[in-house]
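K.L.:
Sharing a structure with you now.
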């Protein structure tokens, strides 16, 4: 069992790995992406990392968008002539890609050296 001080680092690595594995197929890997986002939000909360709220909001957006994606898929989808729903029904999925982009941007910024970001 890893020591308690190393556990957040392991959770962070698992979260990033799940995000990238899910990105290979965003529709089928949406569960992996949601789980990875939740891992990263939990790790940021536990370590009091700067930007914890950003991790939390992006994880909530991803989870909501994925849940909506599965719900609308169970009803037969949206758009086209067979579903009977307009394309506007797809707006509920929007928090999923927006949360993913927000999360990836935050991970990229946190990976850059601090002085490199401020003084290019």
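Only the coordinates and a few stated rules stand behind these numbers; no lab work does. This is a predicted model, so every value here is computed, not measured. With ideal geometry, Cβ positions are generated from the backbone for all residues, glycine too; neighbour counts draw on all protein chains shown.
K.L.:
Using 7 Å Cα-to-Cβ label points, what is the residue 88/residue 50 separation (nm, one decimal)?
P.N.:
Output for this residue pair reads 4.3 nm.
K.L.:
Could you give the angle, 0 to 90 degrees to the nearest 10, between helix 52-74's Cα long axis and the longest principal axis of the Cα atoms of the chain?
P.N.:
20
K.L.:
Given only helices, namely DSSP H runs of n ≥ 4 each adding -39500 (n - 2.57), what is the per-residue ellipticity at 222 nm of the chain, to the nearest 500 deg cm²/dmol?
P.N.:
-22000 deg cm²/dmol
K.L.:
Please compute the contact order of the chain in relative form: average sequence separation of alpha-carbon pairs under 8 Å and at least six residues apart, divided by the residue count, as a percent.
P.N.:
Contact order relative to length: 19 percent.
K.L.:
Let me ask another. If you fit an axis through the alpha-carbon atoms of helix 30-47 and take the longest principal axis of the Cα set of the chain, what angle between them do you get, 0 to 90°, nearest 10?
P.N.:
Relative to the chain, helix 30-47 is tipped by roughly 30 degrees.
K.L.:
How would you order 29-36, 44-51, 84-91, 99-106 from highest to lowest mean count of nearby Cβ atoms within 10 Å?
P.N.:
Listed from highest to lowest mean packing, they are 29-36, 99-106, 44-51, 84-91.
K.L.:
OK, next. Taking only Cα atoms, what is the 0 to 90° angle, nearest 10, from helix 95-111's long axis to the longest principal axis of the chain?
P.N.:
Rounded to the nearest ten degrees, it is 20.
K.L.:
What fraction of the Cα pairs in segment 7-108, stated in percent, has a spacing above 20 angstrom?
P.N.:
Considering segment 7-108, 38 percent of its Cα-Cα pairs are separated by more than 20 Å.
K.L.:
While we're on this one: Work out how much length residue 24 to residue 81 would gain on full extension: take 0.36 nm times their residue separation and subtract the Cα-Cα distance, in nm to one decimal.
P.N.:
Stretched out fully, the residue 24 to residue 81 stretch lengthens by 17.5 nm.
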